[in-house]
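Asker: Supplied in structure tokens, the structure appears directly below.
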Amino acid sequence: MKIRTCSIKFRKIKSNSDRGQLIKSIDKLLFSIIKKERGGQCEIHNSLLCDSIAPMHILAKGEHPRLRFSRQNIILAGWFCSHYWTHHNADHPKAVYAFQRIRELRGKNYKDELARTEATMPKFNMIYLKTLEMALKKQLET
Ligand SMILES: [Zn+2]
């Protein structure tokens, strides 16, 4: 009885971490592709000089997990010039400027458009994630 419980637990933990690793791998691939496509600069300031440039999700990936891999929902932004402020203090002038730039880049109805995209996205299962990872790997090779 004890052994059985143990093996079920182990399997569950293992599959969660597989999923987590796959999501991290897709995050990385997508970052490489977006960097290649858009030039790698902070899109808020149109500058390569901004510090720690990385993908910033316009609608937070915690609250909108189905938009995590949506290019429309990803802006390349410096952490200290923009990303940090949009996360921690949306009223700060740096965050206000970042949101203004997002409106310029994505259109003023960007939230509605993202919500429409979100509604069409499936919940990610392992097959979806593995297929997406494979497709992105192929795309990065070409
Ligand atoms: Zn910047």
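Asker: Charges at C-beta only: +1 for Lys and Arg, -1 for Asp and Glu. How large is the resulting dipole of region 30-108 about its Cα centre, in Debye rounded to 20?
Answerer: The calculated dipole for region 30-108 is roughly 300 debye.
Asker: At residue 127 and residue 33, where each label point lies 7 Å from the Cα along Cα→Cβ, what is the point-to-point distance in nanometres?
Answerer: 2.0 nm
Asker: Okay, next question. As a quick test, which of the pairs 24/94; 36/61; 28/61 have an alpha carbon distance above 18 angstrom in this structure?
Answerer: Beyond 18 Å: 24/94; 36/61.
Asker: Expressed as cubic angstrom per residue, what is the convex hull volume of the alpha carbon set of region 64-130?
Answerer: Each residue corresponds to 101 Å³ of Cα convex hull volume.
Asker: Would you pull out the residues with amide H under 5 Å of residue 76's amide H, same chain only if 5 or more places away, H placed 1.01 Å from N?
Answerer: 43, 56
Asker: How big is the Kirkwood radius of the chain, worked out from every pair of different alpha carbons and given in Å to one decimal?
Answerer: Result for the chain, one decimal place: 16.8 Å.
Asker: Give, in nm to one decimal, the length gained when the segment between residue 49 and residue 108 is fully stretched (0.36 nm per residue of separation minus the Cα-Cα distance).
Answerer: Contour length minus Cα-Cα distance gives 18.6 nm.
Asker: Turning to a different aspect of this structure: What list do you get for 84, 128 if you sort them by fewest beta carbons within 10 Å?
Answerer: Exposure proxy ranking, most exposed first: 128, 84.
Asker: Restrict the search to region 64-142; then list the trypsin sites (Lys or Arg not before Pro) that DSSP places in a loop and that have at most 14 other Cβ atoms within 10 Å of their Cβ.
Answerer: 108, 123
Asker: Further, regarding this structure: Picking from 129, 45, 140, whose Cα lies most toward the positive end of the charge dipole for region 36-141 (charges on Cβ: Lys, Arg +1; Asp, Glu -1)?
Answerer: In region 36-141, that residue is 129.
Asker: Sticking with this one: Using the count of nearby Cβ atoms within 10 Å as a rough guide to exposure, how do 44, 74, 33 rank from fewest to most?
Answerer: 33, 74, 44
Asker: Right, here's the next one. Any idea how far the Cα center of region 19-39 sits from the one of region 75-127, in Å?
Answerer: Using only Cα atoms to place each centre, the spacing works out to 17 Å.
The numbers here are math on the coordinates, done by the rules we state, and not lab data. Just so it is clear, the model here is predicted, and its values are computed rather than measured. So basically every Cβ, Gly included, is an ideal-geometry build from the backbone, and we count neighbours across all protein chains shown.
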